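The values are calculated or read from the model by the stated rules, or taken from the named source; none is laboratory data. In this text the structure is predicted, and so the values were computed from the model without any measurement. FYI the Cβ positions are ideal-geometry reconstructions off the backbone, even for glycines, and counts take in every protein chain you see. Surface accessibility is based on the protein's heavy atoms, side chains included, excluding ligands, DNA and RNA. Shrake-Rupley method; radii C 1.70, N 1.55, O 1.52, S 1.80 Å.
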Amino acid sequence: MTESVSVTRRDCLKTAAVAGAAMAVPTIVPASALGRGGATAPSERITMAGVGIGPRGEFVLGWMLPERDVRFVAICDVRKERREAVKGIIDKHNGDQDCAQFTDFRELLATRPDIDAFLIATGDRWHATLATMAMRAGKDVYSEKPSCMTIAEGRAVVETAKRHGRIYQTGTQRLSEAPFVAAIELARSGKLGKVHTARAHIAPWDAAEMSHAWLPAEAEPPKDVVDWDMWLGPCPWRPYNASYVKGGWRGHYDFHTSCIGEWGAHTFAQAQAGIDALDTSAVEYTYVKNATGDGMVATFASGVKMVLQLEGWKGSCGMKFEGTEGSVAVADGYAKPDVSSPSLLAEGEKLVAEYMEKTKRPMNHVRDFFDCIKTRRQTVANPSVMHHSMGTVHAANICMWLKRDMAYDPVREEFRNDAEANRLRTRAQRAPYII
């Protein structure tokens, strides 16, 4: 038996009155949630995490944090010291204590679906592996350079970004700096006549041929202090030595891309931009009998030569273009490009303005990345730009390692009639970090 319920007209009126009063109470929505008062609405905000933020990464983080539509919410690092230091920086900027800490990148991917993009600033060995893992998980990536250890890794980044529709920017930031863009556009526009030679600065430390020796074994610290297995990542197992994690990995074949890759990751892309060769790599490499590759000539299919140059610059990461009617050079620290004729300076300024209007790109590398996340168009230093300029880096390294001239096919991405060189296009990766 059910209990009968008698509902009177008065009861209905009472219920309606209560409901109406509830609806009449104003709902208070913070202005920041609507994007007012200079704030960015959450729907427009790019949520980010940092991975392996050491001194260089901290520098890039300093560029990103002030952007109003960006919020960092997590840091992943195998070193407790760096996790805590970077959390402190992010929390101070955000005005809270909410930055999450992770040691294992896979855990971060699995537990934080709210993250849109990653800043990857580990050592060279992890760049391509992390970028590929992140993009497969549907994340956009800003990766520090050199962004791949091998030609095969570069190809994996390109194919992953394309397959998963991800935005990727490699940290060759001078492609977004006005003095460098002016020089590039002067070369591209014909203002120098027919450009026949580009010069690319290589790092004035270390050598092209790197050490295959191991540092002496030391006692491993607790995993929470340094997760050594995770630090090594895809590299071959090596015994722990504290020097590695303090930057002493440079100059070791397992972890580094040599003095050529150190700055060539920047300057080869810059030079190739000026000679319209960002979609290819050099086809011929001449071996030079020195430790660094200084003076090597890398020739492109167009006939333009790029010379690797160690000395003669007034700043770091320099480039120079030489044409039949003039030349231009620029490096860090130049207030303006060095030009063969004063009139080229005004031309350069005009060309930068025209470039910005035509491409809608800012003279701000991280801002270009964030804008492209929103528009889904390609960045200035997109995966193809990274892969083809790094292809030139890797081929130059292989030329130095094998101590002979090389012929390279950038379409097939293989050396011509050289099985030994072709074996060096990739490296064995250690499970479970295989991409």
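Scan the range 167-177 residue by residue and report those that are among the charged types (D, E, K, R) and either in contact with a Cys (Cβ under 8 Å, 6 or more places away or on another chain) or buried (at least 21 other Cβ atoms within 10 Å of the Cβ) (or both). Steps first, please.
Quick first cut of the range 167-177, residues among the charged types (D, E, K, R) only: 174, 177.
Passing the criteria: only ARG174.
Please tell me if ASP368 is open to solvent by less than 30 Å² (accessible area, probe 1.4 Å) and closer than 29 Å to TYR168 by Cα. Walk me through how you get there before you give the answer.
Details: open to solvent by less than 30 Å² (accessible area, probe 1.4 Å): yes; closer than 29 Å to TYR168 by Cα: yes.
Here the answer is yes, as ASP368 does meet what is asked.
Among (1) under 24 Å from the mean Cα position of the chain (by Cα); (2) assigned to a loop (DSSP other than H, G, I, E, B), there is one condition GLN270 misses while meeting the rest; what is its number?
Status for GLN270: all satisfied but (2).
Considering only residues that are touching a helix residue (DSSP H, G or I) at 6+ places or on another chain (Cβ under 6 Å) and either among the β-branched types (Val, Ile, Thr) or open to solvent by 50 Å² or more (accessible area, probe 1.4 Å) (or both), look in the range 281-321 and name the one that is farthest from ALA269 (Cα to Cα).
TYR287
Just checking, does the range 236-250 include any residue being touching a residue at least 40 places away in the same chain (Cβ under 8 Å) and of a type in the set (Phe, Trp, Tyr)?
Scanning the range 236-250 turns up at least one residue that is touching a residue at least 40 places away in the same chain (Cβ under 8 Å) and of a type in the set (Phe, Trp, Tyr).
Only residues that are touching a Gly at 6+ places or on another chain (Cβ under 7 Å) and under 23 Å from VAL181 (Cα atoms): list them for the range 278-306, please. Reasoning before the result, please.
Pass one, the range 278-306, residues touching a Gly at 6+ places or on another chain (Cβ under 7 Å): 281, 288.
Once the filter is applied, which keeps residues that are touching a Gly at 6+ places or on another chain (Cβ under 7 Å) and under 23 Å from VAL181 (Cα atoms), the range 278-306 yields only SER281.
Name the single residue that is least open to solvent (accessible area, probe 1.4 Å) among those in the range 392-430 being among the β-branched types (Val, Ile, Thr) and in a loop (DSSP other than H, G, I, E, B).
Applying the first criterion (among the β-branched types (Val, Ile, Thr)) to the range 392-430 yields 392-393, 398, 411, 426.
Keeping just the survivors that are in a loop (DSSP other than H, G, I, E, B) gives 411, 426.
Working: VAL411: 131, THR426: 74 Å².
Per the criteria, the residue is THR426.
Let's see how each residue does on (1) assigned to a loop (DSSP other than H, G, I, E, B); (2) in contact with a strand residue (DSSP E or B) (Cβ under 8 Å, 6 or more places away or on another chain); (3) open to solvent by less than 10 Å² (accessible area, probe 1.4 Å):
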position	(1), (2), (3)
PRO179	no, yes, no
LEU186	no, yes, yes
LYS191	yes, yes, no
PRO204	yes, no, no
ALA207	yes, no, no
TRP214	yes, no, no
ALA219	yes, no, no
ASP224	yes, no, no
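Taking only the range 300-359 into account, find how many residues are closer than 30 Å to VAL411 by Cβ, within 24 Å of the chain's Cα centre (by Cα) and among the hydroxyl-bearing types (Ser, Thr, Tyr).
Result for the range 300-359: 2.
Across the range 391-435, what is the number of residues that are of a type in the set (Val, Ile, Thr), under 24 Å from PRO236 (Cβ atoms) and in contact with a strand residue (DSSP E or B) (Cβ under 7 Å, 6 or more places away or on another chain)?
Here is the first cut: in the range 391-435, the residues of a type in the set (Val, Ile, Thr) are 392-393, 398, 411, 426, 434-435.
In the following step, the residues that additionally are under 24 Å from PRO236 (Cβ atoms) were identified as 393, 398, 426, 434-435.
If we keep only those that are in contact with a strand residue (DSSP E or B) (Cβ under 7 Å, 6 or more places away or on another chain) too, we end up with 398.
Going through the range 391-435 one residue at a time, the tally reaches 1.
Restrict the check to the range 148-166 and report whether at least one residue is open to solvent by less than 20 Å² (accessible area, probe 1.4 Å), within 27 Å of HIS252 (Cβ to Cβ) and in a strand (DSSP E or B).
Within the range 148-166 (the criterion being open to solvent by less than 20 Å² (accessible area, probe 1.4 Å), within 27 Å of HIS252 (Cβ to Cβ) and in a strand (DSSP E or B)), the answer is no, since none of the residues qualifies.
Mind listing whichever residues of the range 132-143 are at negative phi, touching a helix residue (DSSP H, G or I) at 6+ places or on another chain (Cβ under 7 Å) and not in a helix (DSSP H, G or I)?
If the condition is that a residue be at negative phi, touching a helix residue (DSSP H, G or I) at 6+ places or on another chain (Cβ under 7 Å) and not in a helix (DSSP H, G or I), then ALA137, ASP140, VAL141, TYR142, SER143 are the ones that fit.
Keeping to the range 306-354, report how many residues are part of a strand (DSSP E or B) and of a type outside the set (S, T, N, Q). Give the derivation first.
Initially, the range 306-354 is screened for residues part of a strand (DSSP E or B), giving 306-309, 319-323, 326-330, 338-339.
Next cut, of a type outside the set (S, T, N, Q) only: 306-308, 319-323, 326, 328-330, 338-339.
The total comes to 14.
Return yes when GLY95 is on the phi < 0 side of the Ramachandran plot and among the small types (Gly, Ala, Ser) and no when it is not. Lay out the reasoning, then the answer.
Numbers: on the phi < 0 side of the Ramachandran plot: no; among the small types (Gly, Ala, Ser): yes.
When the stated conditions are applied, GLY95 does not pass them.
If I ask for residues that are open to solvent by 10 Å² or more (accessible area, probe 1.4 Å), among the polar types (S, T, N, Q) and in contact with a helix residue (DSSP H, G or I) (Cβ under 8 Å, 6 or more places away or on another chain), which ones from the range 371-381 would you list?
The one that is open to solvent by 10 Å² or more (accessible area, probe 1.4 Å), among the polar types (S, T, N, Q) and in contact with a helix residue (DSSP H, G or I) (Cβ under 8 Å, 6 or more places away or on another chain): GLN378.
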